[in-house]
Amino acid sequence: MTGLGAESIRDEGYQAPASIDPMAIRADFPTLHQEVYGHPLVYLDNAASAQTPQSVIDAIVRFYQNDYSNVHRGVHRLSQVATDAYEAVRRDVKQLLNAADEREIIFTKGTTESINLVASSFGERFIGEGDEILITAMEHHANIVPWQLVCERKGARLRVVPIDERGELLLDELETMITPRTKLVAVVHISNALGTVNPVKRIAEIAHRRDVPVLVDGAQSVPHQRIDVQELDCDFFAFSGHKVYGPTGVGVLYGKSRWLEEMPPYQGGGDMILKVTFERTTFADLPNKFEAGTPNIAGVIGLGAALEYLQAIGVGRVRAHEDRLLSYATESLGAVPGVRLIGTAREKAGVLSFVVSGIHPHDIGTIVDRYGVAIRVGHHCAQPVMRRFDVAATARASFAMYNTFDEVDVFVDAVRKAIEVFS
Amino acid sequence: MFDDLYQEIILDHNRRPRNCRVIEDTPHHAEGHNPLCGDEVKIFLKMEDDRVVDVAFQGNGCAISTASASLMTEALRGKTLEEAHELFGAFHEMVKGQNPPESKDLGKLQVFSGLSDYPMRVKCATLCWHTLQAAIEKRKEVVSVE
């Protein structure tokens, strides 16, 4: 916390030189301009899916209207255009993540599939009976269940690094839990349930001292901070299109080529082969080895437009704006009697999880919705986190570049009204 | 504004749930779970000759699920199994908005008629009824509404 009062944070937010103008940005997002139950929509469910700007929608429409064709195999003009557009996005993603080589960028259908790809393929090649996979107590189910499946298949063991009361990872524990049997550390970059930002560069240093590779679940981090996979030195990094203002059904897996080259294919099919006979198939090189079948071409085009939009605004300025919103919301909501914030890590981004004594999060969610405020309620696909904080569920507001201080006020007022209903 | 859903009777049964206890020594008990929001409920029934002589619940959940379980226990006492079954059918139709609420006499359960405008919350109210069904049939597996 900054220690400033809510009002001063708000003023500072509007005067800071690096601030972005959320009102100008809002003009780019058609979904935001609507009423819900007679109130202007206040969209605070960005950690689930961010809204898409018009430029992303236009890019997808333009592609289907003008350039649509399958990629990679055609000799005709449209296939060339579609392939060029698709591969150009791979270069954009390489640049966004500062990957060493565009062959290290695999398109998937989202973070979940990216992690499943690694669990399945890396697991097949490198994990055996008695081996260990290390995750943390703040993982999304997408970074728990794939590893459980591998453990079951291979007779390996899943170990979980604990977190403290604030929702911060216990790094010392992580260090001691890496054993000669540890084959991989899989950790979330920013927790979707708590907002905690994990020190993944430090985690990679610790793991690499013991020659253990690290996978980073970046679903929540790409929209909030600059990512440099070489600087972080992570071995794998996964993220989704729909959390970075892009379409659903598309995502990315970055992997160091030294691992990807040794890993067997995840799925078999078209596009991932060099030569097929009934006796034997020779697989294609990276990245095609991991992209069997016709990919989500329009989704990739949309993702490219979304990344272009995010980079034009500047992810650093986006983060600065969201940090001010988060501080302001933390102060305002924290001052409401009966509210308990879940997740108070010193390094937080984008997410404000809370419970109100005596009121179930579902009732809060339903009531604030009637004031036009869209928040998420439930376990956020992180049931172990809920158990850690001894709650069945939480309510969660999550912020994006287009949210305003006024919207935070509407949200906090709506929570107060929910409390009145139950008083 | 929320008179249609969070009516005083629902808020009251949420604050002070009736029949919120365990009934020992009965084979008729079951557990229900709503994985979407984490609501949990246990239903206990005591039957004599096809008639519900006692019914109770324990649970952890939102106001709608707690009030629904509480009001269900009140509505069921003294009913035959057939009557209980009919009541569930009529309740289900009402909360899904498939029947005008006046068409059946649902008594106090009528307060849930506003739920048909909140389709995401219907399962909160029906969880206890599905679990009741399992308790009647002495089913051991946890009932899940999803």
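So the values come out like this:
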| quantity | calculated |
| --- | --- |
| For region A:230-258 and region A:99-166, distance of Cα centres in Å | 14 Å |
| B:24, A:102, A:132, ranked by accessible area, largest first (probe 1.4 Å) | B:24, A:102, A:132 |
| Carbon and sulfur %, accessible surface of region A:56-311 computed with the full protein complex present, 1.4 Å | 48 percent |
| Potential lengthening between residue A:276 and residue A:70 on full extension [0.36 nm per residue; Cα-Cα distance subtracted] | 72.1 nm |
| Projected-area mean, chain B, by convex hull of Cα positions, square nanometres | 8.1 nm² |
| Rg [Å, one decimal], Dmax [Å, integer] - region A:56-311, C-alpha atoms | 18.5, 60 |
| Zone residues, region A:257-273, relative to residue A:294, backbone N less than 18 Å from point 7 Å out along Cα-to-Cβ | A:268-273 |
| For region A:76-143: span of alpha carbons on each principal axis (Å, largest first) | 53, 25, 23 |
| Solvent exposure, largest accessible area first (probe 1.4 Å, DNA, RNA and ligands not counted), of B:94, B:120 | B:120, B:94 |
| Distance in nm between pseudo-label sites at residue A:177 and residue B:25 (7 Å out along the Cβ direction from Cα) | 4.8 nm |
| Interchain or long-range residues, amide H under 5 Å from residue A:373's placed H | A:42 |
| Estimated distance in nm for a label pair at residue A:210 and residue A:77, the labels positioned 7 Å out from Cα along Cα-to-Cβ | 6.0 nm |
| Positions from region A:343-367 whose accessible area shrinks by 20 Å² or more when the full protein complex is built, not the chain alone, probe 1.4 Å | A:360, A:362, A:363, A:366, A:367 |
| Loop-located trypsin sites (Lys or Arg not before Pro) in region A:185-271 whose Cβ has at most 13 other Cβ within 10 Å (DSSP) | A:210 |
| Surface per residue (accessible, 1.4 Å probe) for region A:337-396, Å² | 34 Å² |
| Heavy-atom accessible area, 1.4 Å probe, ligands and nucleic acids excluded: residues of region B:27-41 down by at least 40 Å² from chain alone | B:37 |
| Dipole magnitude (debye, nearest 20) for region A:56-311, charges at Cβ of Lys, Arg, Asp, Glu | 480 debye |
| Rounded FRET efficiency, nearest 0.05, which uses the C-beta distance separating residue A:55 from residue A:340 and R0 of 25 Å | 0.05 |
| Signed unit charges on C-beta, dipole axis of region A:67-145, positive-most listed residue A:85, A:136, A:121 | A:85 |
| For region B:72-146, convex hull volume per residue from C-alpha positions, Å³ | 88 Å³ |
| In the B-A interface, the accessible area buried, summed over both sides, Å² (probe 1.4 Å) | 1400 Å² |
| Debye equation applied to the C-alpha atoms of the protein assembly as shown, log10 I(q)/I(0) at 0.05, 0.07, 0.12 Å⁻¹ | -0.25, -0.49, -1.20 |
| Test item: Cα-centred dipole of the protein assembly as shown, Lys/Arg +1 and Asp/Glu -1 on Cβ, debye | 820 debye |
| Over chain B: helical MRE at 222 nm, DSSP H runs n ≥ 4 each giving -39500 (n - 2.57), nearest 500 | -11500 deg cm²/dmol |
| Förster radius 35 Å - calculated FRET efficiency between residue A:226 and residue A:124, Cβ distance, rounded to 0.05 | 0.60 |
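The values are calculated or read from the model by the stated rules, or taken from the named source; none is laboratory data. These numbers come from a predicted model, not from an experiment. Reconstructed Cβ throughout: ideal geometry from the backbone, glycine too, with neighbour counts over all protein chains shown. These area figures cover heavy atoms from the full protein model, side chains too; ligands, DNA and RNA do not enter into them. Shrake-Rupley method; radii C 1.70, N 1.55, O 1.52, S 1.80 Å.
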